[in-house]
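K.L.:
Provided herewith is a single structure, encoded as structure tokens, for subsequent inquiry.
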Amino acid sequence: MNPDLFQQLDRVIHEKGRLSIVSLLAASPELSFVELRDTLGMTDGNLSVHLQTLRRAGYVAVSRSSRNRRPWTTCSLTPKGRAAFEKYLAALEQIVAEGRRAAGSERPPAEDAKG
């Protein structure tokens, strides 16, 4: 397996919590902080830290407003974030394909069919 493939994985996205956030946002135009928190089972603080990291990288846009006189935060993937996620997925697909090729070449020869 080519170890350079692993260097192509975006470290900002690769962390489990951030990968989960980006994956959800890639499938939806916008999600509220509450929807993300509840879907992922994260604490407010944990989700906030991950969103801050993604926002600093330019991958996620965070909008604050009010709904029924209460603060309301929504998140969406930016074009840069969507491109980074697509690149990340392409790198993963290469790793998986190469792993499958390597596993296929390491299989023992098939036994003759007994009849």
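K.L.:
Count, please, the residues in the range 7-59 that happen to be assigned to a helix (DSSP H, G or I) and surrounded by 12 or more Cβ atoms within 10 Å (Cβ to Cβ).
P.N.:
30
K.L.:
Something else: Can you give me the number of residues within the range 66-84 that are free of Cβ contacts under 8 Å to residues at least 12 places away in the same chain and within 18 Å of the chain's Cα centre (by Cα)?
P.N.:
2
K.L.:
Consider Leu77 against the criteria (1) closer than 14 Å to Arg18 by Cα; (2) in contact with a Gly (Cβ under 8 Å, 6 or more places away or on another chain): it satisfies all of them except one. Which criterion is unmet?
P.N.:
Result: Leu77 passes all but (2).
K.L.:
Regarding the range 81-93, can at least one residue be identified that is surrounded by 11 or more Cβ atoms within 10 Å (Cβ to Cβ), out of contact with any Asp or Glu (no Cβ under 9 Å at 6 or more places or on another chain) and in a strand (DSSP E or B)?
P.N.:
So far as the range 81-93 goes, no, none of its residues is surrounded by 11 or more Cβ atoms within 10 Å (Cβ to Cβ), out of contact with any Asp or Glu (no Cβ under 9 Å at 6 or more places or on another chain) and in a strand (DSSP E or B).
K.L.:
Another question about this same structure. Of the residues Ser48, Ser23, Ser32, which single one is within 21 Å of Leu89 (Cα to Cα) and not basic (Lys, Arg)?
P.N.:
Result of the check over Ser48, Ser23, Ser32: Ser23.
K.L.:
Quick one: which residue in Arg70, Arg55 is of a type in the set (D, E, K, R) and at pLDDT below 95?
P.N.:
Residue meeting the stated conditions: Arg70.
K.L.:
Follow-up question, since we're still on this one. It is to be established whether one or more residues within the range 64-77 are exposed (fewer than 12 other Cβ atoms within 10 Å of the Cβ) and assigned to a helix (DSSP H, G or I).
P.N.:
Checking the range 64-77: not a single residue is exposed (fewer than 12 other Cβ atoms within 10 Å of the Cβ) and assigned to a helix (DSSP H, G or I).
The values are calculated or read from the model by the stated rules, or taken from the named source; none is laboratory data. None of the values given here were measured: they were computed from a predicted structure. As a convention, Cβ positions derive from the backbone with ideal geometry for all residues, glycine included, and neighbour counts pool all protein chains shown.
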